[in-house]
Amino acid sequence: MKILYIQDSLGAGGAERSNAELWYYLRKKGVRLKIAVLEHRTSGVEKEILDEGFEVVFLKKGSFWSHVIQIKRIIEDFQPDIVHSVLFKAALRTRFAKLKTKFTNIESLVNCTYDKIRYKDPKVNARLLKVYEFVDRYTAKFGVDHFVAITKEVKSHYEKHLKIKPTKISVIYRGRKKNNFITQKAKLRSRVVKELNLNPNGPIFIHVGRQEFQKAHLDILKAIKIVDRELSDSNAQFLFCGRKGNSTKEIEDFLTTNDLKTTIKFLGHRNDIYELLVAADIFVFPSLFEGLGGSLIEAQAAGLPLICSNIPVFQEVVTKDNAVFHQTNDPTALSTQLTGILNRDLIKMGEKSLENYEKNFRLEGVNQQMLELYHSIPHST
């Protein structure tokens, strides 16, 4: 079997990381892979994938239609059994390529793109988002043979917004590899405490996510401000991991104008997330919308208790035994959970996180489901 992947980049996002882990599995199973990407990224999995010898083609810079023609030529040259397109820019170009050559196109659905809360994002042009939704709905009719949604909530979202038939969408959760550092918690905690000059006796909260509206960094900071004295008295410390984004200026402005006593450290993009998660005590994830929330899976694989927003998709990803929820986009509600969770049995909650990860999100099982789907889809070639 030959599979061509087409995606925006080999960056640091959840979709990119998940695909990278899937590629290793497929290669071991004898699948020949080719990866076409629209642009280079200095952070993420690009260097890893190139170093590992995967066949990668970077499209030449150009117009939308020049990319469509390049994709057409790659498909005709490679003759894949399946084309799998990922993320909006790559997916749209791949759909239009179907007007020019014959192939079977599977497309990943990884987010609730048209969730109403997106219209509260000051960086989002509401009219343009409506246009995107129209174009998305129209081109999906002729450009995609089958969709793969990463949660039931995402499937429901696109059935509603793009009018896709339920039988045309499969649900396969996004998996994550096992955290092999989990047995080294004391060692890693000591290392991180020393590296970041933390208090060894205080609880470490951690958040992983790029600095964008969706991830609600400001909600965490505002919540910290509300209970700053209580958190400071308990020696609580907060680590934020993730590259800069469209909310970076607002984050920096908030920190400049608010003198918080609680220890807060922004670490930027890190290549040791699995180690940092093991070294921490509690994972905080107040996202406003998500397709799944890959970081939540990584946190569960690290055996961490969770604090997260009560968006519907998280009801699929975590359980009432390993997570506490707060009202979405409500710093006051979040502040209550930041202090309240310190009175919970964190060890037991962490054990429940591991159980949930093992049951639903182990990488091997998820990858096997993807390979079975590829074999079940009728091929054009």
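The values are calculated or read from the model by the stated rules, or taken from the named source; none is laboratory data. This one's a predicted model, so the numbers in the text were calculated from it and none came from an experiment. Glycine gets a Cβ as well: all are built from the backbone with ideal geometry, and neighbour counts include every protein chain shown. What goes into the accessible areas is simple: the full protein's heavy atoms, side chains included, and nothing from ligands, DNA or RNA. Shrake-Rupley method; radii C 1.70, N 1.55, O 1.52, S 1.80 Å.
The accessible-area ordering, largest first, of the residues Ile3, Ile74 stands as Ile74, Ile3, per a 1.4 angstrom probe.
Between amide H atoms placed 1.01 Å from N, distances below 5 Å from His84 occur with Leu4, Tyr5, Ile6, Ile106, all of them 5 or more places distant or on a separate chain. The apolar share of the surface of segment 262-331, taken as the fraction of accessible area on carbon and sulfur atoms (1.4 Å probe, ligands and nucleic acids excluded), comes to 42 percent.
The alpha carbon centroids of segment 131-154 and segment 264-280 are separated by 34 Å. Phi angles of segment 77-90 translate, via the Karplus equation with coefficients 6.51, -1.76, 1.60 and θ = phi - 60°, into HN-Hα couplings of 6, 7, 6, x, 6, 9, 10, 10, 9, 9, 6, 4, 4, 5 Hz per residue; Gly and Pro are given as x. In the chain, taking the dipole from charged Cβ atoms about the Cα centre, the farthest positive-side position among Asn180, Val192, Leu231 is held by Asn180. Under a Gaussian network description of the chain, with springs only between Cα atoms under 10 Å, the residue in Gly365, Gly340, Gly13 that fluctuates furthest is Gly340. Note on Lys2 and Phe134: the extension gain reaches 44.3 nm, defined as 0.36 nm multiplied by sequence separation minus the Cα-Cα distance.
Can you give me the relative contact order of segment 60-141 as a percent, contacts being Cα pairs under 8 Å and 6 or more apart?
Working: 59 pairs, mean separation 22.8, N = 82.
It comes to 28 percent, rounded to a whole number.
Taking Cα atoms only, the orientation of helix 185-196 departs from the longest principal axis of the chain by about 80 degrees.
Specify the angular offset, from 0 to 90 degrees and rounded to the nearest 10, of the alpha carbon long axis of helix 14-28 from the longest principal axis of the alpha carbons in the chain. In the chain, helix 14-28 runs at an angle near 60 degrees to the longest axis. For the chain, modelled as a GNM whose springs connect Cα atoms under 10 angstrom apart, the maximal fluctuation among Leu50, Leu363, Leu276 occurs at Leu50. From its DSSP helices (H runs of at least four residues, each -39,500 (n - 2.57)), the chain gives a residue-normalised ellipticity at 222 nm of -13500 deg cm²/dmol. Here the Karplus relation 6.51 cos²θ - 1.76 cosθ + 1.60, evaluated at θ = phi - 60°, turns the backbone of segment 160-173 into coupling constants of 6, 7, 9, 6, 7, 5, x, 5, 8, 10, 9, 10, 9, 4 Hz, with x for every Gly and Pro. Put simply, the amide H of Phe285, placed in the peptide plane, has neighbours under 5 Å in Ile307, Cys308, Ser309, leaving out anything fewer than 5 places away on its chain. Rolling a 1.4 Å probe across the protein heavy atoms gives the chain an accessible surface of 45 Å² per residue.
For segment 12-76 versus segment 229-245, the inter-centroid distance based on Cα atoms is 36 Å.
Within the same chain, lysines fewer than 8 places from Lys225 are excluded, and of the rest, those with a Cα less than 25 Å from its Cα are Lys120, Lys123, Lys215, Lys244, Lys249, Lys261, Lys265. Compute the long axis of helix 363-376 from its Cα atoms, compare it with the longest principal axis of the Cα atoms of the chain, and write down the angle in degrees, 0 to 90, nearest 10. It is inclined by approximately 20 degrees. Counting every alpha-carbon pair across the chain, the share separated by more than 35 Å comes to 27%.
Springs join every pair of Cα atoms under 10 Å in this Gaussian network model of the chain, and among Lys187, Lys222, Lys89 the largest mean-square fluctuation is at Lys187.
Using a simple spin-label model with pseudo-atoms 7 Å out from Cα toward Cβ, Thr256 and Asn197 lie 2.2 nm apart.
FRET efficiency for the Ile117 to Lys249 pair, using the beta carbon distance and R₀ = 35 Å, is estimated at 0.95.
Per residue, the average separation of C-alpha pairs within less than 8 Å and at least 6 apart gives segment 1-154 a relative contact order of 24 percent. When all alpha carbon pairs of segment 131-250 are counted in 10 Å bins from zero, the resulting P(r) reads 10, 24, 27, 21, 15, 4 %.
Amide H to amide H, with H built 1.01 Å from N, Gly242 comes under 5 Å of Gly209, Leu267, Gly268, His269, Arg270, counting only residues 5 or more places away or on other chains. Computed 3J(HN,Hα) for segment 103-120, one whole-Hz value per residue from the Karplus formula 6.51 cos²θ - 1.76 cosθ + 1.60 where θ = phi - 60°, is 6, 9, 10, 9, 10, 7, 10, 10, 8, 8, 4, 10, 4, 4, 5, 5, 6, 8, glycine and proline marked x.
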